[in-house]
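Notes to accompany the following structure.
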Amino acid sequence: MLDLRFARAVPRSATVVAVAVARQTADAADVSDAADVSDAADELAELDVLGTLPTGTEPDELAAFLREVKHKGKAGSVHTWVRPLHPVTRLLLAGVANREEADWRSTGAALARKAKGEDRLTVLLPPDLTDPELRGLAEGLWLASYRFSLASDDDDSRKLRRVTLVAATALDAPLEAARTTASMVMLARDLTNTPSDRKTPEWLARQISREARTLTGVTVTVREPAQLVAEGFGGVLAVGGGSERGPRFVEISWRPRGAGRHVVLVGKGITFDTGGICIKGRDGMKLMRKDMGGAAAVAAATLAAAARKLPVRVTALLPLAENMLSGSAMRPGDVVRHYGGITTEVRNTDAEGRLVLADALQYAVRRLRPDVLVDLATLTGAQSVALGKRTAALYSDNEALADELRAAGTEAGERMWRLPLHDDYADALDGDDTDLVNSTEIGGGSIMAALFLREFTGDYRDRWAHVDMSAPAWSDKADGDLTKGATGWGVRTLVRWLETQASATA
Ligand code: BES
Ligand code: MN
Ligand code: ZN
């Protein structure tokens, strides 16, 4: 992980220096006013590094740059001066359009990308930088410099290793919050990017247990197939039954002394989704190693709560299975008896996520009796049809809970949009000879999946939220703080939200 640290002054050896040009207020950002441009230039002139600016042209260049920041309103734009003959060979001027955490996160990400190929970067920060601003900047720097490679000729020698943050005071608390969050996002990305030949349910359970052992106060229990049979986890067993690599049910517990609330997080953990007997096509299947992104996110967020010693009790439940097709695979028409006894007719073996989540939700409701229950899942292709690539679907009958989660996501840089849980739609889920069917043909696929899950929340219906994160779990390209591939979506939102739960009363 990139080494980020504070310093009071620019190190003598610095060759690449970035200056964050932050606007004090929205009004002051009006760069059509020439006075503001010269103000900004004056401000820069006072900085030690200004000697590094080329003489003569800089006010125009600066004005043009500031105007761009203002008019395009685009956070994360960086202007570069190359000075081959100067000790500071590259000077980066980063515009922070509005002084909001999200802008600073974009700025951090943009700087990490601009500094690619450099060993070190120094960033000069405004004297009045706030805690959330620093947190955003640091998260951006870390998240954008993540990489994953299994290439035989992978060369990581030319990567950014250290960023020195020059600031009047060291903002250690937000830096640590950012460090933990970013490292856990990277854990989720690593697990999700890992190909499914390696990533069996057993492997995934072992990786998570290993990470948990590095933290104090976290316990992990892993149920193996025999145990799942004994306790009646019919959904997990049905979905995992087609694979030679058996399912697991992982329970992670962070139980600090004096915790207020108890939060249960459930994450879909399909290590590969072929669709089963209702097999997917080639295109629909090729990225299905990401189908455990929900499990990775809730595990990583729970470990983050432990690493930060947040005073909130968190239990993460990860039903892990590979949805394969074979002679032992579940068939359409089979009936699953879930944990707790609810029965479901399998209409489509590709609607497997809801079958494993159903067991976990019932386990949470019957055995754990938490204060609040949240699940994350790469549940439906319909989710991305509805909301596009970068927005998850949020469902809850509890307005306050939905607002809390959405607000946490906004701060964290992860967007959610609420979709409805219409009661009358749920009638289509009634089975002929069973309680439920796992798939319908009435459209609204993401909503129908959410309604199916709601049937398993018992008396927690009003204390439950579901997030369908199918689309944002993956990015086709590097984009801001996202790197190509797994995004680790959900970790940041959950960490923010858990911070607020720590101060809430049970
Ligand atoms: N894992 C998929 C959903 C998915 C699709 C996630 C694309 C990410 C990207 C899920 O198990 C699935 O196959 N859902 C079906 C449900 C249908 C059979 C009712 C779908 O969306 O087609
Ligand atoms: Mn599926
Ligand atoms: Zn799936």
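Nothing in this text is a laboratory measurement; each read-out follows from the coordinates by a stated rule. Everything quoted here is computed from the prediction, not taken from an experiment. Reconstructed Cβ throughout: ideal geometry from the backbone, glycine too, with neighbour counts over all protein chains shown.
Sorting the segments 267-279, 193-205 by their residues' average number of neighbouring beta-carbon atoms within 10 angstrom, most packed first, yields 267-279, 193-205. Treating r as the C-beta distance of Asp432 and Thr410 and R0 as 51 Å, the FRET efficiency rounds to 0.70. Taking a point 7 angstrom from the Cα of Glu441 along the C-beta vector, which residues in the stretch 333-352 have backbone N less than 11 Å away? From the stretch 333-352, the list is empty.
Using the Karplus relation 6.51 cos²θ - 1.76 cosθ + 1.60 with θ = phi - 60°, the per-residue 3J(HN,Hα) values for the stretch 366-379 come to 7, 9, 9, 6, x, 7, 8, 10, 10, 10, 10, 7, 7, 8 Hz, with x marking Gly and Pro. Distance between the modelled labels on Ser328 and Glu231, one decimal in nanometres: 2.0 nm (7 Å Cα→Cβ projection).
DSSP beta bridges fully contained in the chain are about 40 percent antiparallel.
When the Cα positions of Gln383, Leu92, Trp464 are compared along the charge dipole of the chain, Leu92 comes out farthest toward the positive end, with charges on each C-beta of Lys, Arg, Asp and Glu. Sorting Arg158, Arg90, Arg331 from the fewest to the most surrounding beta carbons within 10 angstrom yields Arg158, Arg331, Arg90. The helix-only estimate of mean residue ellipticity at 222 nm for the chain, built from DSSP H runs of length n ≥ 4 each weighted as -39500 (n - 2.57), is -11000 deg cm²/dmol after division by the residue total. Normalised by the number of residues in the chain, the mean separation of alpha-carbon contacts (under 8 Å, six or more apart) gives a relative contact order of 15 percent. The charge dipole of the chain, taken about its Cα centre with unit charges on the Cβ of Lys, Arg, Asp and Glu (plus for the first two, minus for the last two), comes to roughly 1660 debye.
If the segment from Ile279 to Ser13 were pulled out straight at 0.36 nm per residue, it would be longer than the present Cα-Cα gap by 89.9 nm. Peptide packing: for 4-14, 454-464, 139-149, the average count of neighbouring Cβ atoms within 10 Å per residue gives the ranking 139-149, 454-464, 4-14, highest mean first. Helix 101-114 and the long axis of the chain differ in direction by around 70°, with both axes built from C-alpha atoms.
The angle between the Cα long axis of helix 491-503 and the longest principal axis of the Cα atoms of the chain comes to about 90 degrees, rounded to the nearest 10.
The simple Förster model, with R0 at 30 Å and r as the Cβ-Cβ distance, assigns Thr219 and Asp3 a FRET efficiency of 0.45.
Sorting Lys389, Lys477, Lys114, Lys280 by the number of Cβ atoms found within 10 Å of their own Cβ, with the fewest placed first, yields Lys477, Lys389, Lys280, Lys114. Past 32 Å, Cα to Cα: identify those pairs from Lys199/Lys477; Lys159/Lys286; Lys116/Lys268, in the order given. Long pairs (Cα-Cα over 32 Å): Lys116/Lys268.
Given their separation in residues at 0.36 nm each and the Cα-Cα distance between them, Lys477 and Arg210 gain 93.1 nm when the chain is fully extended. You can think of it this way: the chain between Asn348 and Glu100 has 84.7 nm of extra reach, that is 0.36 nm per residue less the Cα-Cα gap. If you take the Cα centroid of the stretch 130-170 and the Cα centroid of the stretch 445-506, the two points sit 25 Å apart. Neighbour counts of C-beta atoms inside 10 Å place Met469, Met416 in the sequence Met416, Met469, starting with the fewest. The calculated FRET efficiency for Asp190 paired with Thr500, based on their beta-carbon distance and R0 = 22 Å, is about 0.20.
Amide H contacts under 5 Å for Gly275: Lys280, restricted to partners 5 or more places along the chain or on a different chain, H placed in the peptide plane at 1.01 Å from N.
Against the chain, whose longest principal axis is taken from its Cα atoms, helix 201-213 shows a tilt of about 50°.
Positive end of the dipole of the chain, charges at C-beta (+1 Lys, Arg; -1 Asp, Glu), about the Cα centre: which of Asn398, Ala7, Ala364 has its Cα farthest in that direction? The listed residue farthest towards the positive side: Ala7. With each label modelled as a point 7 angstrom along the Cα→C-beta vector, the Asp459-Arg162 pair spans 5.9 nm.
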